[in-house]
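The structure under discussion appears below in the form of structure tokens.
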Amino acid sequence: MKDWTVAAAHNNARWCDAVCRAHGHAGRFLPHMWVNAATVPRFYPNAVTLAVGETALEEQRSTVEILQKSNLPGRWSVKDSFHTLDLSRRGFDLLFEASWIRGAMPGEGPSSDIVWSREDKGGEGLPFDDPGFVLFRGRRGFKVVAGFMLYQAEDVVGVSNVVAEAADAPAVWRSLTVLAAQTFPRMPLVGYESGRELKAAVKAGFEAGDKLRVWVTARD
């Protein structure tokens, strides 16, 4: 396992908790798992694993069983940060797999005419009162064409919610690396992606690392 995977997973759990807190329902950090027994915002999990090993797996399975008995409405998910928690026989379907990523200063690449600005509003339910949170939007003229979020916690900076058109994606990933370094100097940049966005991040100089996956409760 990469030496930065655990920090990336913990940062992501802190980010999920910050968003849930902004919606009035903060979660709880257990020794081996972050968990939220309330309804969470769309696209966010109700649990994130934080450690590996048999002791961790035992707590994680037990926590998932408790959540299953809590009558959470609709389909809800568990982020398996280390690709070790198999829930296929516990009433879950695999939603997707992805790779943790770590950024480095970008190399040379095509220039972009996107103009970036740091935003302090414009996004209901975002933790703008949290000093670790930053939102950037990129504009071409008056049109917003790209964006991303940063969250500093656990001695790393997590990047998420990257939005870019396919042709702009590598340039956007290079730009966000520079902006993250300017905003949070000397802090490692981490995140996770899959598919086209993962390819764009790697093309922009990111390192693809260990696998993670997200499980979602099976349909009735």
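What FRET efficiency comes out for GLU97 versus GLN68 if R0 is 22 angstrom and r is the Cβ-Cβ distance? Round to the nearest 0.05.
Here the calculated transfer efficiency is 0.50.
Between MET105 and HIS25, what is 0.36 nm times their sequence separation minus the Cα-Cα distance? Round to one decimal in nm.
25.2 nm
Please provide three numbers in whole Å: the alpha-carbon extents of segment 109-170 along the principal axes, with the largest listed first.
Projected onto its principal axes, the Cα set of segment 109-170 covers 33, 24, 15 Å.
Skip the ligands, DNA and RNA, and give the accessible area per residue of the chain with a 1.4 Å probe, whole Å².
About 51 Å² of surface per residue is accessible.
Could you give me the radius of gyration and the Dmax of segment 110-220, taking only the C-alpha atoms into account and expressing both in angstrom?
Rg then Dmax for segment 110-220, in Å: 14.8, 49.
For a Förster distance of 35 Å, can you work out the FRET efficiency between the beta-carbons of VAL178 and ASP129, rounded to the nearest 0.05?
0.85
Amide H neighbours of ALA153 under 5 Å, at least 5 residues apart or on other chains, H built in the peptide plane: list them.
Under 5 Å from the amide H of ALA153: GLY158.
Loop sites only, by DSSP: take the GluC sites (Glu not before Pro) in the chain that have at most 16 other C-beta atoms within 10 Å and name the longest stretch containing none of them.
1-107
Which residue, PHE43, PRO31, HIS83, has the largest displacement toward the positive end of the dipole of segment 1-89 when charges sit on each Cβ (Lys, Arg +1; Asp, Glu -1)?
After comparing all options, I get PHE43.
Please give the calculated 222 nm ellipticity per residue for the chain, where each DSSP H segment of at least 4 residues contributes -39500 (n - 2.57) and the sum is spread over every residue; nearest 500 deg cm²/dmol?
The helix-only estimate for the chain comes to -8500 deg cm²/dmol at 222 nm.
Using a simple spin-label model with points 7 Å from Cα along the Cα→Cβ vector, what separation in nm is obtained for GLU119 and VAL202?
3.0 nm
Can you give me the distance in nm between label points at VAL144 and LYS2, each placed 7 Å from the Cα along the Cα-to-Cβ direction?
The answer from the label model is 2.9 nm.
Hey, any idea what % of the chain's accessible area is carbon plus sulfur with a 1.4 Å probe?
50 percent
Tell me, which longest segment in the chain has none of the trypsin sites (Lys or Arg not before Pro) that fall in DSSP loops with at most 10 further Cβ atoms within 10 Å?
122-185
Quick one: work out the % antiparallel among DSSP beta bridges in segment 1-152, nearest 5.
90 percent
Could you work out Rg/(2.2 N^0.38 Å) for the chain, with Rg from alpha carbons only?
Compactness ratio reported: 1.02.
The values are calculated or read from the model by the stated rules, or taken from the named source; none is laboratory data. Since the model is a prediction, treat every value here as computed from it, not as a measurement. Using ideal geometry, Cβ is built from the backbone for each residue, glycine included, and neighbour counts are taken over all protein chains shown. Areas reflect the complete protein model, heavy atoms only, side chains present, ligands, DNA and RNA absent. Shrake-Rupley method; radii C 1.70, N 1.55, O 1.52, S 1.80 Å.
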